[in-house]
Every structure is written in C-alpha cells, then in structure tokens.
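Encoded as structure tokens, the structure appears first; notes follow it.
The values are calculated or read from the model by the stated rules, or taken from the named source; none is laboratory data. Quantities reported herein were computed from a predicted structural model and do not represent experimental measurements. Neighbour counts are summed over all protein chains in view; Cβ atoms, including those assigned to glycine, are modelled from backbone coordinates with ideal geometry. Please note that ligands, DNA and RNA were not included when accessible areas were found on the heavy atoms of the full protein model with its side chains. Shrake-Rupley method; radii C 1.70, N 1.55, O 1.52, S 1.80 Å.
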Amino acid sequence: MAVMRFLILTGMSGAGKTQALHFLEDMGYYCIDNMPPIFLAPFAQACYGSGIGVENVAVVMDIRSGEMFDKVGAELEKLRDEELPYEVVFFEASDSVLVKRYKETRRVHPLSVGGKIADGIAKEREKLALLRQMADYVIDTSNILTRELQEIIKRKFGDGGGDDSYFVLNLQSFGFKYGIPDDSDLVFDVRFLPNPYYIETLKYKTGLDEDVYNFVMNSHNSATFLDMVCEMVVSLVPWYIEEGKHQLVMSVGCTGGHHRSVSIAEAVRKRIMNQGINISITHRDIGKN
C-alpha cells in the first residue's frame with residue numbers, strides 16, 4: 001500500500017501555488033487552499049488517524065492567513081513531535097516577475113494594500129524566510145511556462161514520485177555589513193573586486209544597471225573568478241542531486257550588497273542558465289541604505 005503524501009504548499013504570492021494546487025487536484029490529491037495554520041495539526045491527525053478516505057493531501061498555507069500565519073512554525077513543530085510526515089513545497093519567483101504578474105492581473109498584493117507592490121513583496125519575503133529555509137522543495141517559476149510547471153508537479157508528486165531530477169540553484173547577493181544569509185550553502189566574498197561605490201557616477205546605482213555591471217565585469221579578476229566559480233558550481237550540482245538535495249543556495253557578498261555582489265550573481269546566472277540548471281536569483285540588500 002502506497003504511503004500517503006502530505007504536501008504543504010507555500011511561498012510567494014503570485015509564484016504559482018494556486019496553479020500547482022489545481023494540478024495536484026487533477027492528480028487525485030485532496031486539496032485545501034488557504035488553510036489557517038491552527039487547523040493544520042488536527043487535520044493531519046485526521047488524515048493519518050482513522051482516515052478520511054484520501055490517499056494524498058495538499059494544503060496551501062501563506063500570508064493570506066494574516067496574523068495567524070505567524071504561528072506556522074509552531075504548528076509544523078507539532079507535526080514533527082507527533083511524527084506525522086509532511087513535505088514543504090516553496091514556490092519562488094524573482095521580484096520583477098512577481099511585480100509584472102500583479103500588474104497584468106491587477107490584483108492587490110496581500111501586504112501592499114494602499115502601498116507599492118514591491119514593498120509588499122519585500123515584507124512577504126521576510127515573513128516567509130523560515131519556511132523557505134525549511135522547504136523540502138523550492139520551485140522557481142520565474143522562467144517556466146504553465147505546462148512546464150505542470151510537468152514538474154507530475155514528476156515530483158505523481159505516481160512516480162521520488163524523482164530527484166528537479167533541482168534549483170538559488171543565487172543571492174548580499175552585503176556583509178548586514179550579515180551572511182543563514183540559508184547559504186556556498187558563500188563567496190567579492191570584496192577584492194574594484195568598487196563602483198567610489199565612482200561618483202556609479203555610486204548610487206546598482207549591479208542591475210548596465211554601466212555598473214560593465215565596470216565590475218571588465219576587471220580581469222572578475223572574468224577569472226567567474227570562470228572558476230561557474231566551473232565549480234556546474235560540477236557540484238550533479239553530486240548534490242545524487243545525494244538527494246533539491247536546491248543549492250549560493251550567496252555572493254560585497255560590502256553593501258549593491259554593486260559587486262549583484263553584478264557577479266547576475267553574471268553567474270547568465271553564464272549557467274542554459275546548462276539545464278533551474279536558477280532563481282534574489283538581491284537581498286539591494287534596496288538598503
């Protein structure tokens with residue numbers, strides 16, 4: 001008899017949780033959207049206890065629960081204490097993609113009522129930081145089509161579940177002055193590179209601006225470093241997959257997280273994005289002073 005899978009879908013608003021839930025429902029999962037965390041443990045107990053006539057379960061829990069969502073960590077701890085198996089599936093997308101999706105649908109971000117969409121996204125990332133770190137799977141939908149998402153869901157959570165071929169490289173830039181990201185697997189310090197901060201015309205720009213990016217990448221040391229890092233990461237990914245990992249978090253840091261780290265992270269993404277590796281990228285400190 002097959003073991004029931006209990007999936008907890010969470011992640012960024014607009015990143016594809018609802019679509020994924022629909023795909024899972026079509027695959028025979030019993031699905032619940034927007035479950036308040038306080039109901040999670042009793043529901044899981046019912047599923048694993050006397051039984052409610054379902055084989056697999058998927059629930060979506062996210063920041064739509066408001067203040068109740070702050071209890072999600074404690075509720076997951078209850079499941080662990082009672083040895084009720086579950087898997088956390090975190091849906092991710094870049095800030096620019098999320099903003100574009102909200103503008104296209106004209107929906108209001110749950111945390112940006114009366115404010116900017118980007119501000120709501122930033123607040124949401126902060127609230128979801130713990131869950132993202134705990135996730136068994138991180139699925140980045142920034143550059144995939146709906147049908148590709150459907151294939152990923154079928155491959156990972158269908159009858160042939162357990163396929164470890166889905167893997168994502170999570171790139172993030174950061175500033176050392178704000179601390180090293182807790183979820184890092186690999187950390188690279190690029191403070192040895194020429195600093196655009198001391199160029200008056202570049203000081204208040206970021207590595208997402210072409211002139212800053214070119215300034216950083218035109219350094220011989222940048223080119224050499226990029227070659228070495230990309231060769232190493234591409235070589236490591238198959239080994240991580242072989243060991244059952246579904247993601248690798250690579251953090252690139254400079255002093256403030258505005259110029260050099262952003263440029264290098266973007267350069268790594270561009271270099272290896274066509275080598276069959278799923279990539280997500282975030283710039284944690286790019287908006288900080």
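General observations
- Taking all protein chains together and a 1.4 Å probe, the residues ARG64, ARG260, ARG101 rank ARG64, ARG101, ARG260 from largest to smallest accessible area.
- Nonlocal Lys pairs with alpha-carbon distance under 23 Å, the range 111-246 (8 or more apart, or different chains): 9
- With DNA, RNA and ligands ignored, accessible area of LEU84 (1.4 Å probe; Å², nearest 10): 20 Å²
- ASP81-ARG155 FRET efficiency (beta carbon distance; Förster radius 30 Å; 0.05 resolution): 0.45
- Where a label projected 7 Å from the Cα of ILE277 along Cα→Cβ would reach, residues of the range 163-202 with amide N under 15 Å: 166-173, 185-188
- A full extension of the chain between LYS270 and ASP119 corresponds to an added length of 51.7 nm, given 0.36 nm per residue minus the alpha carbon distance.
- Solvent-accessible area, 1.4 Å probe, carbon plus sulfur percent, for the chain: 51 percent
- Placed amide H near GLN247: partners under 5 Å, 5+ positions off or other chain: VAL168
- Look at the dipole of the chain built from charges on Cβ: of TYR102, ILE144, ILE277, the Cα furthest out on the positive end belongs to TYR102.
- Residues in the chain average 51 Å² of solvent-accessible surface per residue, probe 1.4 Å, ligands and nucleic acids excluded.
- Residues of the range 139-154 with amide N under 18 Å of a point placed 7 Å along Cα→Cβ from THR18: 141-142, 145-147, 149-150
- Summarising the label geometry, the points placed 7 Å from Cα in the beta-carbon direction at VAL54 and LEU236 lie 3.8 nm from one another.
- Applying 1/(1 + (r/R0)^6) with R0 = 51 Å to the Cβ-Cβ distance of ARG5 and ASN289 gives a FRET efficiency near 0.70.
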